[in-house]
Amino acid sequence: MDKLVITRFAPSPTGRLHLGHAYSAVKAHDFARAYGGRFLLRIEDIDQGRSREAFVVGIEEDLRWLGLAWDGEVVRQSQRLEIYAAALERLRMEGLVYPCFCTRAEIAASAAAPHGDEGPVYPGTCRALAPAKRAERIAHEPHCWRLDMAAAIRAATPFPLGGEGRGEGLWWHDAEAGIVRAAPERQGDIVLARKDAPVSYHLAVTVDDAAQGVTDVVRGVDLFEATHVHRLLQALLNLPTPAYHHHSLLLGSDGKRLAKRTGAKSLAALRDEGVDPVELLAGLRASSPPWKGGD
Ligand code: GLU
(Lines give C-alpha, C1' and ligand atoms only; values in the text may rest on other atoms or scores of the structure.)
Protein backbone atom coordinates (compact mmCIF):
# COMPACT_ATOMS: atom_id res chain seq x y z
CA MET A 1 0.00 0.00 0.00
CA ASP A 2 1.24 3.47 -0.83
CA LYS A 3 2.19 5.66 2.10
CA LEU A 4 -0.19 8.41 3.15
CA VAL A 5 1.40 11.70 2.17
CA ILE A 6 1.32 14.34 4.91
CA THR A 7 2.53 17.90 4.39
CA ARG A 8 2.24 20.97 6.57
CA PHE A 9 2.27 24.74 6.45
CA ALA A 10 3.99 26.07 9.57
CA PRO A 11 3.90 29.86 9.81
CA SER A 12 5.02 31.90 12.80
CA PRO A 13 2.28 34.33 13.87
CA THR A 14 4.55 37.36 13.94
CA GLY A 15 2.83 39.24 11.13
CA ARG A 16 0.19 38.89 8.43
CA LEU A 17 0.80 36.38 5.65
CA HIS A 18 2.15 37.81 2.40
CA LEU A 19 2.41 36.34 -1.08
CA GLY A 20 5.60 34.44 -0.26
CA HIS A 21 3.78 32.58 2.50
CA ALA A 22 0.80 31.96 0.25
CA TYR A 23 3.08 30.48 -2.38
CA SER A 24 4.59 28.08 0.14
CA ALA A 25 1.17 27.16 1.53
CA VAL A 26 -0.16 26.43 -1.97
CA LYS A 27 2.85 24.22 -2.74
CA ALA A 28 2.42 22.19 0.46
CA HIS A 29 -1.36 22.01 0.05
CA ASP A 30 -1.30 20.96 -3.60
CA PHE A 31 1.39 18.36 -3.00
CA ALA A 32 -0.76 16.65 -0.38
CA ARG A 33 -3.91 16.89 -2.47
CA ALA A 34 -2.15 15.50 -5.57
CA TYR A 35 -1.42 12.33 -3.60
CA GLY A 36 -4.74 12.15 -1.79
CA GLY A 37 -2.87 13.01 1.40
CA ARG A 38 -3.29 15.34 4.35
CA PHE A 39 -2.33 18.99 4.61
CA LEU A 40 -1.74 20.21 8.18
CA LEU A 41 -1.56 23.67 9.67
CA ARG A 42 0.90 24.22 12.52
CA ILE A 43 1.27 27.55 14.27
CA GLU A 44 4.89 28.08 15.31
CA ASP A 45 4.27 30.39 18.25
CA ILE A 46 7.14 29.53 20.57
CA ASP A 47 8.46 33.08 20.47
CA GLN A 48 5.93 34.54 22.86
CA GLY A 49 7.53 37.97 22.65
CA ARG A 50 6.79 38.30 18.95
CA SER A 51 3.75 36.06 18.43
CA ARG A 52 0.30 37.66 18.48
CA GLU A 53 -3.09 36.00 18.79
CA ALA A 54 -4.45 38.39 16.16
CA PHE A 55 -1.96 37.00 13.65
CA VAL A 56 -3.05 33.42 14.40
CA VAL A 57 -6.61 34.45 13.58
CA GLY A 58 -5.31 36.27 10.50
CA ILE A 59 -3.44 33.19 9.22
CA GLU A 60 -6.56 31.03 9.38
CA GLU A 61 -8.65 33.78 7.82
CA ASP A 62 -6.18 34.26 4.95
CA LEU A 63 -5.92 30.55 4.17
CA ARG A 64 -9.70 30.26 4.14
CA TRP A 65 -9.96 33.29 1.87
CA LEU A 66 -7.48 31.66 -0.50
CA GLY A 67 -9.49 28.46 -0.44
CA LEU A 68 -6.76 26.33 1.13
CA ALA A 69 -8.42 23.93 3.56
CA TRP A 70 -6.27 22.13 6.10
CA ASP A 71 -7.00 18.76 7.68
CA GLY A 72 -7.57 18.12 11.37
CA GLU A 73 -6.86 20.32 14.34
CA VAL A 74 -4.47 23.24 14.13
CA VAL A 75 -1.40 22.40 16.22
CA ARG A 76 0.04 25.18 18.39
CA GLN A 77 3.68 24.87 19.39
CA SER A 78 3.06 26.95 22.51
CA GLN A 79 0.97 24.04 23.81
CA ARG A 80 3.71 21.49 23.31
CA LEU A 81 6.50 22.94 25.42
CA GLU A 82 6.75 19.89 27.69
CA ILE A 83 7.37 17.67 24.70
CA TYR A 84 10.25 19.85 23.53
CA ALA A 85 11.61 20.01 27.08
CA ALA A 86 11.68 16.19 27.14
CA ALA A 87 13.62 16.10 23.87
CA LEU A 88 16.09 18.63 25.23
CA GLU A 89 16.44 16.61 28.44
CA ARG A 90 17.26 13.52 26.41
CA LEU A 91 20.08 15.37 24.66
CA ARG A 92 21.22 16.79 28.00
CA MET A 93 21.38 13.31 29.54
CA GLU A 94 23.59 12.25 26.67
CA GLY A 95 25.92 15.18 27.33
CA LEU A 96 25.22 16.77 23.96
CA VAL A 97 24.05 20.19 25.14
CA TYR A 98 25.56 22.78 27.44
CA PRO A 99 24.41 26.06 28.98
CA CYS A 100 25.73 29.24 27.38
CA PHE A 101 25.89 32.54 29.23
CA CYS A 102 27.27 34.71 26.43
CA THR A 103 25.37 37.77 25.31
CA ARG A 104 24.77 38.54 21.63
CA ALA A 105 27.24 41.41 21.88
CA GLU A 106 29.94 39.13 23.30
CA ILE A 107 29.46 36.64 20.49
CA ALA A 108 29.45 39.34 17.80
CA ALA A 109 32.61 40.87 19.28
CA SER A 110 34.47 37.57 19.27
CA ALA A 111 37.16 37.91 16.63
CA ALA A 112 37.26 34.14 16.30
CA ALA A 113 33.64 33.90 15.21
CA PRO A 114 33.41 33.26 11.48
CA HIS A 115 30.07 34.24 9.99
CA GLY A 116 27.73 31.46 8.97
CA ASP A 117 24.48 31.70 7.04
CA GLU A 118 22.57 32.57 10.16
CA GLY A 119 24.92 35.13 11.69
CA PRO A 120 28.14 34.56 13.58
CA VAL A 121 29.05 30.96 14.34
CA TYR A 122 29.33 30.61 18.11
CA PRO A 123 33.01 30.37 19.10
CA GLY A 124 32.32 27.78 21.81
CA THR A 125 33.31 29.91 24.81
CA CYS A 126 30.99 28.22 27.32
CA ARG A 127 31.61 24.69 26.06
CA ALA A 128 34.77 24.47 28.11
CA LEU A 129 33.36 25.68 31.43
CA ALA A 130 34.15 23.37 34.34
CA PRO A 131 31.09 21.52 35.72
CA ALA A 132 31.21 23.31 39.09
CA LYS A 133 31.42 26.73 37.46
CA ARG A 134 28.60 25.79 35.14
CA ALA A 135 26.32 24.71 37.99
CA GLU A 136 27.06 27.89 39.92
CA ARG A 137 26.34 30.16 36.97
CA ILE A 138 23.15 28.29 35.95
CA ALA A 139 21.64 29.17 39.32
CA HIS A 140 22.17 32.91 38.88
CA GLU A 141 22.60 33.87 35.25
CA PRO A 142 20.30 33.83 32.25
CA HIS A 143 21.42 31.20 29.78
CA CYS A 144 20.47 29.37 26.65
CA TRP A 145 21.25 25.72 25.79
CA ARG A 146 23.51 24.93 22.88
CA LEU A 147 24.17 21.73 21.02
CA ASP A 148 27.79 20.57 21.27
CA MET A 149 28.00 20.14 17.51
CA ALA A 150 31.16 18.04 17.36
CA ALA A 151 29.95 15.67 20.08
CA ALA A 152 26.51 15.49 18.48
CA ILE A 153 27.93 14.53 15.10
CA ARG A 154 30.10 11.86 16.72
CA ALA A 155 27.05 10.48 18.54
CA ALA A 156 24.88 10.53 15.41
CA THR A 157 27.46 8.95 13.15
CA PRO A 158 29.50 6.54 15.25
CA PHE A 159 30.76 4.77 12.14
CA PRO A 160 31.26 7.50 9.57
CA LEU A 161 31.91 6.07 6.15
CA GLY A 162 34.17 8.71 4.75
CA GLY A 163 36.06 10.30 7.63
CA GLU A 164 36.18 10.91 11.33
CA GLY A 165 33.15 12.67 12.82
CA ARG A 166 32.18 14.80 9.87
CA GLY A 167 28.63 13.64 9.45
CA GLU A 168 29.22 11.72 6.24
CA GLY A 169 26.70 9.15 7.33
CA LEU A 170 23.74 11.53 7.31
CA TRP A 171 21.82 12.58 4.25
CA TRP A 172 18.35 13.47 3.10
CA HIS A 173 16.50 13.46 -0.18
CA ASP A 174 15.50 16.78 -1.61
CA ALA A 175 13.10 16.94 -4.55
CA GLU A 176 15.08 19.77 -6.15
CA ALA A 177 18.64 19.18 -4.94
CA GLY A 178 18.67 15.35 -4.94
CA ILE A 179 20.63 13.45 -2.30
CA VAL A 180 22.10 15.99 0.11
CA ARG A 181 24.83 15.06 2.57
CA ALA A 182 24.10 16.70 5.90
CA ALA A 183 26.82 19.18 6.87
CA PRO A 184 25.53 20.62 10.15
CA GLU A 185 29.05 21.34 11.42
CA ARG A 186 29.31 24.61 9.55
CA GLN A 187 26.58 26.06 11.74
CA GLY A 188 28.53 25.45 14.93
CA ASP A 189 26.98 25.00 18.37
CA ILE A 190 23.43 26.09 17.55
CA VAL A 191 20.91 27.14 20.21
CA LEU A 192 18.27 24.54 21.14
CA ALA A 193 16.56 26.43 23.95
CA ARG A 194 16.69 30.16 24.30
CA LYS A 195 16.84 32.54 27.20
CA ASP A 196 13.46 33.98 26.29
CA ALA A 197 11.83 30.86 24.82
CA PRO A 198 12.06 27.32 26.20
CA VAL A 199 12.85 25.81 22.80
CA SER A 200 14.35 26.96 19.53
CA TYR A 201 12.88 26.66 16.05
CA HIS A 202 15.28 23.81 15.13
CA LEU A 203 14.26 21.51 17.95
CA ALA A 204 10.52 22.25 17.85
CA VAL A 205 10.20 21.82 14.10
CA THR A 206 12.12 18.54 14.10
CA VAL A 207 10.10 17.08 16.96
CA ASP A 208 6.79 18.23 15.47
CA ASP A 209 7.36 17.05 11.92
CA ALA A 210 7.96 13.58 13.35
CA ALA A 211 5.08 13.75 15.86
CA GLN A 212 2.64 14.78 13.14
CA GLY A 213 3.86 12.09 10.77
CA VAL A 214 4.90 14.61 8.13
CA THR A 215 6.22 12.63 5.15
CA ASP A 216 7.08 15.56 2.91
CA VAL A 217 8.35 18.90 4.16
CA VAL A 218 7.48 21.45 1.51
CA ARG A 219 9.03 24.81 2.36
CA GLY A 220 11.10 27.66 0.96
CA VAL A 221 14.74 27.25 0.04
CA ASP A 222 15.55 29.91 2.64
CA LEU A 223 15.25 27.04 5.13
CA PHE A 224 17.57 24.72 3.20
CA GLU A 225 20.51 25.31 5.57
CA ALA A 226 18.34 24.60 8.58
CA THR A 227 17.65 21.11 7.21
CA HIS A 228 21.29 20.11 7.85
CA VAL A 229 20.62 20.67 11.54
CA HIS A 230 17.19 19.04 11.46
CA ARG A 231 18.69 15.92 9.90
CA LEU A 232 21.24 15.70 12.71
CA LEU A 233 18.55 16.15 15.38
CA GLN A 234 16.47 13.40 13.76
CA ALA A 235 19.42 11.05 14.08
CA LEU A 236 20.03 12.00 17.72
CA LEU A 237 16.37 11.66 18.71
CA ASN A 238 15.67 8.54 16.62
CA LEU A 239 13.10 10.30 14.48
CA PRO A 240 12.26 9.48 10.86
CA THR A 241 13.55 11.71 8.06
CA PRO A 242 10.86 13.08 5.76
CA ALA A 243 11.46 13.88 2.12
CA TYR A 244 12.20 17.56 1.56
CA HIS A 245 10.97 19.86 -1.18
CA HIS A 246 12.72 23.18 -0.82
CA HIS A 247 10.95 25.31 -3.35
CA SER A 248 12.48 28.47 -4.77
CA LEU A 249 11.20 31.76 -3.46
CA LEU A 250 8.68 34.03 -5.01
CA LEU A 251 10.48 37.24 -5.90
CA GLY A 252 9.10 40.75 -6.07
CA SER A 253 9.23 42.82 -9.24
CA ASP A 254 12.54 44.23 -7.96
CA GLY A 255 13.99 40.72 -8.00
CA LYS A 256 14.23 40.66 -4.21
CA ARG A 257 12.58 38.04 -2.05
CA LEU A 258 9.24 38.91 -0.57
CA ALA A 259 9.46 39.27 3.14
CA LYS A 260 7.46 40.89 5.85
CA ARG A 261 10.20 43.35 6.64
CA THR A 262 10.50 44.68 3.10
CA GLY A 263 6.85 45.63 3.22
CA ALA A 264 5.55 43.03 0.77
CA LYS A 265 1.80 43.31 0.47
CA SER A 266 -0.12 41.16 2.87
CA LEU A 267 -2.95 38.92 1.72
CA ALA A 268 -5.23 41.00 3.94
CA ALA A 269 -4.27 44.14 2.00
CA LEU A 270 -4.86 42.38 -1.32
CA ARG A 271 -8.27 41.25 -0.12
CA ASP A 272 -9.12 44.81 0.95
CA GLU A 273 -8.14 45.98 -2.53
CA GLY A 274 -10.71 43.62 -3.97
CA VAL A 275 -8.29 41.05 -5.42
CA ASP A 276 -10.10 37.89 -6.48
CA PRO A 277 -8.70 34.96 -4.45
CA VAL A 278 -9.47 32.48 -7.22
CA GLU A 279 -7.35 34.45 -9.67
CA LEU A 280 -4.62 34.96 -7.10
CA LEU A 281 -4.46 31.24 -6.38
CA ALA A 282 -4.32 30.44 -10.08
CA GLY A 283 -1.54 33.00 -10.48
CA LEU A 284 0.46 31.46 -7.64
CA ARG A 285 0.02 27.99 -9.11
CA ALA A 286 1.17 29.20 -12.51
CA SER A 287 4.30 30.96 -11.28
CA SER A 288 7.56 29.04 -11.23
CA PRO A 289 10.22 31.32 -9.84
CA PRO A 290 13.89 30.56 -10.58
CA TRP A 291 15.78 28.13 -8.39
CA LYS A 292 17.80 30.36 -6.09
CA GLY A 293 19.40 28.24 -3.46
CA GLY A 294 20.72 24.94 -2.32
CA ASP A 295 24.23 23.63 -2.56
N1 GLU B 1 7.89 28.77 11.14
C2 GLU B 1 8.82 28.94 10.07
C3 GLU B 1 8.62 30.28 9.39
O4 GLU B 1 7.63 30.93 9.61
C5 GLU B 1 8.73 27.88 9.00
C6 GLU B 1 9.02 26.52 9.50
C7 GLU B 1 9.21 25.45 8.48
O8 GLU B 1 8.53 25.44 7.44
O9 GLU B 1 10.01 24.59 8.73
O10 GLU B 1 9.45 30.69 8.63
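Couple of notes before you dig in:
- Degrees, to the nearest 10: 131-140 long Cα axis against longest axis of the chain: 50
- Longest exposed-site-free window of the chain, the sites being chymotrypsin sites (Phe, Trp or Tyr not before Pro) in a DSSP loop that have at most 16 other C-beta atoms within 10 Å: 36-290
- 0 to 90° range, to nearest 10: angle between helix 19-34 axis and the chain longest Cα axis: 80
- Those GluC sites (Glu not before Pro) in the stretch 1-76 that DSSP places in a loop and that have at most 13 other beta carbons within 10 Å: Glu73
- With DNA, RNA and ligands ignored, accessible area of Asp276 (1.4 Å probe; Å², nearest 10): 70
- For the chain, the per residue solvent-accessible surface stands at 49 Å², with DNA, RNA and ligands left out and a 1.4 Å probe.
- The chain - percent of accessible surface contributed by carbon and sulfur, probe 1.4 Å: 54
- Partnerless Cys - the chain, beta-carbon criterion under 4.7 Å: Cys102, Cys144
- Around Val56: net Lys/Arg minus Asp/Glu count, Cβ-Cβ under 10 Å: -2
- Counting only alpha carbon atoms, the long axis of helix 81-93 and the longest principal axis of the chain meet at about 30°.
The values are calculated or read from the model by the stated rules, or taken from the named source; none is laboratory data. None of the values given here were measured: they were computed from a predicted structure. Cβ: placed from backbone, ideal geometry, glycine included. Neighbour counts: every protein chain shown. In case anyone asks, the SASA skips ligands and DNA or RNA and just uses the protein heavy atoms, side chains included. Shrake-Rupley method; radii C 1.70, N 1.55, O 1.52, S 1.80 Å.
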